[in-house]
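Remarks on the structure that follows.
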Amino acid sequence: MQSFTPQLRRGFAGSAALSALLLAAAPAQAAEADSGPIVSELLVTGQKQAETTSGAKLDLPAAQTPQSISVITRDELDLRGVGSLNQAVRFTAGVAPETRGNTAGRYDQLNLRGFSPDRYLDGLRLIDSSNGYNQSQIDIALIDRIEVVKGPASALYGLSSPGGLIAMSSKLPRFETLGEAALTVGDYGYWNGAFDLGGVLDKDGRFAARVAGVVSRSDTQIRLTEAERYAITPSITWKIDDKTSWTLAYAYQDDPKTGAYGAVPLRGSVLPNPNGRIARDFFDSEPAFDRFSRTQQAVSSFFTRELGAGWSFRQNARFMRVESEYRSVYIQGLAPDLRTLNRGAAASVEGVDGFTLDNQVSGKFQTGAAAHAAVFGLDYQHTGQTEAAGFGDAPPLDAFKPVYGAPVAFPATTFSVRMNLNQTGVYAQDQVSLGGWRVLLSGRFDWVDISQYDRLAQSTSALSQDKFTGRAGLLYVFDNGLAPYASYATSFQPQTTVDAKGQLLPPTEGEQVEIGLKYQPRIWNALVTLSLYDLRQTNVATQDPKGAPGISIAAGEIRSRGVELEGRATPVRGLQLNGAYTYLDNLVTKDNSGLQGARPYGVPQQTASAFGVYTFQEGAAAGLGLGGGVRYLGHGFNGVVGDGKVKIPEATLFDLIANYDLGRLDGRWRGLTLSANVNNLFDKRYITSCYATMWCWYGSGRTAQATLRYRW
């Protein structure tokens, strides 16, 4: 099954208990002095409410939005020592992160409600190759905030995954002075240096600038591999007048080394093998041949103009280019001795350009007793990509006593395409407030043109389609803070698979019904969301029963049903609680190739998490934060033809965290903090998922790191 979402040919898809998760804020005194204002915090103090900007393209209270949305702030990312998007969403309901465990750090491979989510940066979709290895990735050190929007989002964003999207916000200029420098060191030769500087440039306060950057290096948890990154993001804001501002941002990231992308076979990892268990750091490729390098650049523009009477115009635009070179030796089969791996070789050179533009007019107005918050928009995106790839054979390897150095012939090019996608959409949304009622209505119409040129066969396939998608939600806010809601939403997603005539299949379609309950008590800071949903994706590519093997038609269906419970609270000063639980019933309900009744890989049926830190406010330990967490990953399945329903064992992982405000020891150290994080404390050996008998992935082993951070 292939679709226009980032999917890699080597398998990248697509008794309830609530655990209490604890998250500690930095000491109140240090937070006031050393960090800038937190924008739209999920956990707030006083009368402030959590807000979502991505779920509705408006600043709306999360507790009054008829949709399940999770927000992860910069403070939380720093507290947990997060180094990637996968790590960032480990404690979020509905998300199954780290599909490939301790490998594939080069990609943001995860599932949201059973599907691979789209990723957005500052309201604009990140570009990726549709069916190759060239996937963009934003370093987490350059991110200020993350929103996880669950369920179909096409009504506002156009083509998108039915599972939802992950919206990240960059570190952009503020009209205040800020400064931060951090050095992190850890095991596996890991070190990371990051900085974030910004402030007003002129005495009139018209210009503000910010620059954030990071340099990192690691040996990774897979032998004979390294990861290396250099990134910088300068930006400047011009406050043209009291009603108009314009921000320009440039982003550059170079990843000359990106670790491993390999796997281990089912026998020797999940299932017994008479030769023993394959090592967790096993490397299935060849050091002299293996390579993945990536360079990405982006220029972004954000323009805002206040129109008066509560209305404003906003235009966001970005041009982005990503280039990559990929070479790998990978497992193709296991010999009868159950130790010799038959291997293949792959090589690919890819480039993708993308231009995205979103024009919005938003405002608030009254019609009688009803208050409206509306947004109208027109957006456009173009993606052009090229890929030249080849696949061949490679020498075998002993999985238990590997000897590397065998020569690998560079594969001849067997796949070479050029693809272009153009999408234009118009959309409108209105949230109506009448007493305790909140009604959210969204509608969008899209025109999509896709063409794919096969440079080897010298043939072209094309598809033009228009599509309407919508969303309707209803929520009622009771005086006690309870807010039940119901919603209906649809989505669509173009595919790159072709039929027997060489024509592109029509887009997949998503449809979701969701009901839920939100609770925001009046006496202390908390937000709890319970959601139940039924989500279906139709028109999925599957085998054509009248065609030769490998010929597809759009007749498949995947169903995802689930229950999600997530809550955050700050019952006392210095203590925050956060719990998350997910039950997910994900199933292929229609398929012609033998997958019907199977469960998509990388989606545990149940997950739960608990995390927390308490920061002492008084006494000799004032400024010291201590805590920890637990993550439960339930059983998963590999649903590949011929493998049967092999159950992936469950796993429970523990984390520790400690931090200290050194300014409490000596005023001259004000702004200096020291923190330590240990993930998978007991070094639990576990498997995150198996795509096929040859492709299983170990989860990350124990990692420990310490960070010295200075803010001024």
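Cα-based values for region 97-254, radius of gyration first and Dmax second, are 18.0, 56 Å. The residue list W191, A155, T220 was ranked by how far each Cα lies along the charge dipole of region 107-231 toward its positive end, using unit charges on Cβ atoms, and A155 comes out on top. Extension gain, T340 to N359, is 1.2 nm, computed as 0.36 nm per intervening residue step minus the present C-alpha separation. Shape analysis of region 343-454 yields a ratio of the Cα radius of gyration to the Kirkwood radius, Rg/Rh, of 1.35.
For the chain, the mean projected area of the C-alpha convex hull, equal to one quarter of the hull surface, is 30.4 nm². Per residue, the convex hull spanned by the Cα atoms of region 102-150 amounts to 107 cubic angstrom. Taken over the alpha carbons of region 608-712 as equal point scatterers, the Debye sum produces base-10 log I(q)/I(0) values at 0.16, 0.18, 0.24 Å⁻¹ of -0.78, -0.89, -1.19.
Please state the shape class of region 410-542: rounded when a/c is under 1.5, otherwise prolate if a/b exceeds b/c and oblate if not, all from the C-alpha gyration tensor. Verdict is prolate for region 410-542.
Can you pull a Stokes-Einstein diffusion coefficient for region 197-318 at 37 °C (0.692 mPa s), Rh from Kirkwood over Cα pairs, as a whole number of µm²/s?
Rounded to a whole number, D works out at 175 µm²/s.
Taking every DSSP bridge with both residues inside region 93-242, close to 90 percent are antiparallel.
In this structure, the residue pairs whose Cα-Cα separation is over 19 Å, taken from K171/K203; K150/K590; K590/K645; K467/K546; K57/K150, are K171/K203; K150/K590; K467/K546.
Normalising by residue count, region 514-611 has a Cα convex hull of 98 Å³ per residue.
Going by C-beta contacts inside 10 Å, put V630, V572, V95 in order with the fewest on the left.
The order, fewest Cβ neighbours first, is V572, V630, V95.
Extension gain for Q465-T652 works out to 62.7 nm (0.36 nm per residue, less the C-alpha to C-alpha distance).
Relative intensity of region 288-394 on a log10 scale, I(q)/I(0) at q = 0.19, 0.20 Å⁻¹, equals -0.99, -1.03, per a Debye sum over C-alpha point scatterers of equal strength in the absence of solvent. If you take the Cα centroid of region 573-645 and the Cα centroid of region 465-514, the two points sit 24 Å apart.
A Förster radius of 56 Å, combined with the Cβ-Cβ distance separating K401 from R455, puts the computed FRET efficiency at roughly 0.85. In summary, the aspartates and glutamates within cross-link reach of K239, defined as a Cα separation below 17 angstrom excluding same-chain residues under 8 places away, comprise E176, D202, D204, E306.
The calculated FRET efficiency for the pair D254 and W669, based on their C-beta separation and a Förster distance of 25 Å, comes to about 0.15.
Each pair of Cα atoms in region 671-712 enters the Kirkwood radius, and Stokes-Einstein at 37 °C and 0.692 mPa s then converts it into a translational diffusion coefficient of 255 µm²/s.
For region 487-545, state which GluC sites (Glu not before Pro) are in a DSSP loop and have at most 12 other beta carbons lying within 10 Å of their beta carbon. Nothing satisfies the criteria.
Extension gain for the segment R291 to L434, taken as residue separation times 0.36 nm less the Cα-Cα distance, is 45.6 nm to one decimal. Once both labels are positioned 7 Å from their Cα atoms along Cα-to-Cβ, the gap between D202 and A370 label points is 4.5 nm. Need one word for region 145-203: rounded, prolate or oblate. Basis is the Cα gyration tensor (sqrt eigenvalues a ≥ b ≥ c); a/c below 1.5 gives rounded, then a/b vs b/c decides. Taking the square roots of the gyration eigenvalues as a ≥ b ≥ c, region 145-203 is oblate. Putting +1 on Lys and Arg Cβ atoms and -1 on Asp and Glu Cβ atoms, find which of V408, Y427, A371 reaches farthest to the positive end of the dipole of region 369-467. Looking along the dipole axis, the top candidate is A371.
Computed over every Cα-Cα pair of region 173-218 and binned at 5 Å starting from 0, the pair-distance distribution P(r) comes out as 6, 21, 21, 14, 12, 10, 8, 5, 3, 1 percent.
Near K401, which aspartates and glutamates are there with a Cα under 17 Å away, not counting those fewer than 8 places off in the same chain? The reachable aspartates and glutamates, counting only those whose Cα sits under 17 Å from K401, are D281, D284, E286, D337. Straight-line reach from K684: which lysines have a Cα under 22 Å away, not including same-chain ones fewer than 8 places off? Partners within reach: K647.
We did not get these values from a lab; they are worked out from the coordinates using the rules stated. Since the model is a prediction, treat every value here as computed from it, not as a measurement. Heads up, the Cβs are rebuilt from the backbone with ideal geometry, glycines too, and the neighbour counts pull from every protein chain shown.
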